[in-house]
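Structure record follows, encoded as structure tokens.
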Amino acid sequence: MNPVHALLLADLAADLPVAVRSQRLVETLRLHFRCGAVALLRLDGEGELLRPVAVDGLTSDALGRRFAIKEHPR
């Protein structure tokens, strides 16, 4: 089994708080894809905004921001 898959499966089976599980997920994805940054976004409000719930490789102030879906480049 791929080491990344093993880490993700172990976290799914572990009794972790949602914030810890989310943070470990983005850290693992960043390592796997060898990218500069990863953010896990949640739909917020009336489904018009994206709010980061976990980030890796971005400044911590990104967690407090919200992004309009129609203006989001991705």
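At a glance:
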item	result
Single condition Leu43 does not satisfy, out of (1) in a strand (DSSP E or B); (2) surrounded by 15 or more Cβ atoms within 10 Å (Cβ to Cβ); (3) over 11 Å from the mean Cα position of the chain (by Cα)	(2)
Residue, surrounded by the fewest Cβ atoms within 10 Å (Cβ to Cβ), within the stretch 51-74, restricted to residues that are among the hydrophobic types (A, V, I, L, M, F, W, C) and in contact with an Asp or Glu (Cβ under 7 Å, 6 or more places away or on another chain)	Ala68
Selection count, the stretch 17-38, where residues are more than 16 Å from Leu7 (Cα to Cα) and in contact with an Asp or Glu (Cβ under 8 Å, 6 or more places away or on another chain)	2
Cβ pairs under 9 Å, 6+ apart, first in the stretch 1-25 and at negative phi and aliphatic (A, V, I, L, M), second open to solvent by 60 Å² or more (accessible area, probe 1.4 Å) and part of a loop (DSSP other than H, G, I, E, B)	Leu9/Met1
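The values are calculated or read from the model by the stated rules, or taken from the named source; none is laboratory data. Everything quoted here is computed from the prediction, not taken from an experiment. Positions of Cβ are generated from backbone atoms using ideal geometry, with glycine treated the same way; all protein chains shown enter the neighbour counts. Please note that ligands, DNA and RNA were not included when accessible areas were found on the heavy atoms of the full protein model with its side chains. Shrake-Rupley method; radii C 1.70, N 1.55, O 1.52, S 1.80 Å.
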